[in-house]
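K.L.:
One structure is given below, represented as structure tokens, and several questions about it will come after.
The values are calculated or read from the model by the stated rules, or taken from the named source; none is laboratory data. Fair warning: this is a prediction, and the values are worked out from it, not measured in the lab. All Cβ positions, glycine included, derive from the backbone under ideal geometry; neighbour counts span all protein chains shown.
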Amino acid sequence: MKNMKLTTKIFIGLISGIIVGMFLQGAPDIAQNYIKPFGTLFINMIKMIIVPLVFSSLVVGAASIGDPKSLGRIGGKTLVYYLVTTAIAVTIGLALAMILKPGAGLIIPVGDAAKSVETPSIINTLLNIIPRNPLKGLVDGNILQVIAFALFLGIGCTVLPEEKSAPFVNFFDSLAEIMYKITAFIMEVAPYGVFALIVPVVSQYGLDVLKPLSMVILAVYIGCILHAIITYSTAVKIFAKISPLKFFKGIAPAAVTAFSTTSSSGTLPVTIRSVRENLGVSEKISSFVLPLGATINMDGTALYQGVCALFLAQVYGIDLSVGQMMTIILTATLGSIGTAGVPGAGLIMLTLVLQSVGLPLEGLVLIAGIDRILDMARTSVNVIGDASCAIVIAATEGELETIEEEIGA
Ligand code: ASP
């Protein structure tokens with residue numbers, strides 16, 4: 001596997017970052033002032049290429065799928081896969097919170113529910129997907145709008161005669177290639193970036209501060225691992241007939257990057273690269289499925305919301321009915337579509353889930369303190385979920401041979 005060495009280096013960056021962070025626990029200033037800036041530099045570099053990368057690769061992806069019919073077919077399959085796996089993820093989250101009871105032992109009487117947090121409405125998010133001014137969407141980096149506009153352009157290309165659309169598509173193809181080259185360069189420095197991002201987190205939170213909420217962390221981490229092992233392993237095994245171990249190895253660089261950047265959009269360049277180069281998925285499928293997934297597919301986030309909702313219900317001594325649990329599953333699944341792939345977005349969308357079943361919003365404060373740690377796990381799962389979808393769609397679109405060739409099933 002071509003990327004093996006880089007993966008190892010990124011892991012070394014992560015582990016040494018954790019060790020150094022523990023040493024620096026008494027002196028978090030050093031971590032904040034001297035190490036974190038390098039992490040910020042790494043994130044800035046990744047952010048720099050997101051909009052041009054997503055835009056160009058989606059235009060080319062949608063245009064290269066060919067006839068609008070197969071675009072509709074692939075789009076439909078992708079959407080179903082994303083929604084079903086997300087619903088499974090919330091269910092796992094709820095089940096784990098029921099079993100582990102993270103909220104038991106910490107009882108807070110319900111006060112006046114804090115109304116200060118503004119809840120983004122799903123309807124508004126959905127309506128805003130179509131940009132009134134697409135250039136503004138591009139400049140603002142509004143990823144859903146960027147995706148929508150790129151899809152319209154790509155679909156437009158598919159219905160034009162080729163001699164008319166070719167110059168346009170070629171231009172974006174070339175832009176996308178350049179973006180991948182820049183990604184490759186950024187990946188060279190990823191081990192240092194990951195190191196610099198993880199040191200301040202460990203030095204600030206340490207391991208002790210986590211005690212009161214450690215059960216929530218445990219539930220989210222166990223849930224994420226279970227979801228990856230059960231849901232994704234089964235999906236890639238059944239649909240693409242590849243060994244889950246090889247799948248996880250191939251996607252590891254993206255998972256580690258997601259873990260340290262806590263942004264699936266930010267990780268997108270790495271996800272695309274891992275899925276193409278390590279797992280043998282075509283440009284056609286990956287350019288379509290992955291940018292879409294980084295924005296609308298959030299299994300880890302939905303799982304986390306399931307755990308947190310139940311945790312808060314336990315803390316506030318509120319019994320949730322089966323109907324309320326169903327509402328949580330539905331809201332978290334739909335809400336994940338509107339959750340941006342940026343750090344902390346899941347916490348904001350948690351308000352939506354809490355509100356849907358009348359749980360006090362002030363509970364957010366409890367979660368906020370440990371959100372970064374939960375964000376790391378959930379973002380990794382979000383990204384692995386996108387990759388698993390790319391593999392499954394590729395396999396069902398007749399790319400099984402290329403995948404087998406690349407990773408040796
Ligand atoms: N950070 C997550 C992501 O980028 C979103 C979230 O906050 O749950 O996928």
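K.L.:
Which ones in region 137-149 are without any contact (Cβ under 8 Å) to a residue 40 or more places away in the chain, out of contact with any Gly (no Cβ under 9 Å at 6 or more places or on another chain) and surrounded by 19 or more Cβ atoms within 10 Å (Cβ to Cβ)?
P.N.:
Matches in region 137-149: Gly137, Asn142.
K.L.:
Among (1) more than 30 Å from Lys47 (Cα to Cα); (2) crowded, with 24+ Cβ neighbours inside 10 Å; (3) modelled with pLDDT under 85, where does Ser336 come up short?
P.N.:
Evaluating Ser336 over (1) more than 30 Å from Lys47 (Cα to Cα); (2) crowded, with 24+ Cβ neighbours inside 10 Å; (3) modelled with pLDDT under 85 leaves (1) as the failure.
K.L.:
Return the pair list, or none, for Cβ contacts closer than 6 Å from residues in region 296-310 that are over 13 Å from Met325 (Cα atoms) to residues that are of a type in the set (D, E, K, R) and more than 10 Å from the ligand (Cβ to nearest atom), at least 6 apart or on different chains.
P.N.:
Hits for this filter: zero, empty list.
K.L.:
Just to be sure before I move on: is Ile296 within 30 Å of Val51 (Cα to Cα) and within 12 Å of the chain's Cα centre (by Cα) in the structure I sent?
P.N.:
yes
K.L.:
List every residue pair whose Cβ atoms sit under 7 Å apart, with the two residues 6 or more apart in sequence or on different chains, where the first one lies in region 341-357 and is over 13 Å from Phe311 (Cβ atoms) and the second, anywhere, is of a type in the set (Lys, Arg).
P.N.:
Partner pairs satisfying both residue conditions: Gly346/Arg378.
K.L.:
Next up: Restricting to region 72-103, count the residues that are more than 23 Å from the chain's Cα centre (by Cα) and touching a residue at least 24 places away in the same chain (Cβ under 8 Å).
P.N.:
5
K.L.:
Checking Leu352 against (1) within 12 Å of the ligand (Cβ to nearest atom); (2) in contact with a Pro (Cβ under 8 Å, 6 or more places away or on another chain), which test does it fail?
P.N.:
Unmet for Leu352, out of (1) within 12 Å of the ligand (Cβ to nearest atom); (2) in contact with a Pro (Cβ under 8 Å, 6 or more places away or on another chain): (1).
K.L.:
Please count how many residues of region 219-269 are away from the ligand (no atom under 13 Å from the Cβ) and either at negative phi or of a type in the set (Gly, Ala, Ser) (or both).
P.N.:
Count: 34.
K.L.:
Look at region 310-333 and say how many of its residues are among the aromatic types (Phe, Trp, Tyr) and either within 9 Å of the ligand (Cβ to nearest atom) or surrounded by 24 or more Cβ atoms within 10 Å (Cβ to Cβ) (or both).
P.N.:
Here the count works out to 1.
K.L.:
For region 390-398, check the following and say yes or no: at least one residue is under 22 Å from Phe259 (Cβ atoms), more than 13 Å from the ligand (Cβ to nearest atom) and of a type in the set (A, V, I, L, M).
P.N.:
Yes, region 390-398 has at least one match.
K.L.:
While we're here: Considering only residues of region 320-340 that are part of a loop (DSSP other than H, G, I, E, B) and without any contact (Cβ under 8 Å) to a residue 60 or more places away in the chain, which is nearest to Ile296 (Cα to Cα)?
P.N.:
That would be Thr339.
So that you can scan it fast, the table gives a plain yes or no per residue for (1) closer than 16 Å to Pro291 by Cβ; (2) surrounded by fewer than 16 Cβ atoms within 10 Å (Cβ to Cβ):
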| site | (1), (2) |
| --- | --- |
| Leu151 | yes, no |
| Thr158 | no, no |
| Glu163 | no, yes |
| Ala166 | no, yes |
| Asn170 | no, yes |
| Ala176 | yes, no |
| Tyr180 | yes, no |
| Met187 | no, no |
| Ala190 | no, no |
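K.L.:
Would you pick out the residues in region 341-372 that are out of contact with any Leu (no Cβ under 8 Å at 6 or more places or on another chain) and not in a helix (DSSP H, G or I)?
P.N.:
Residues satisfying the conditions are Val342, Pro343, Gly344, Gly358.
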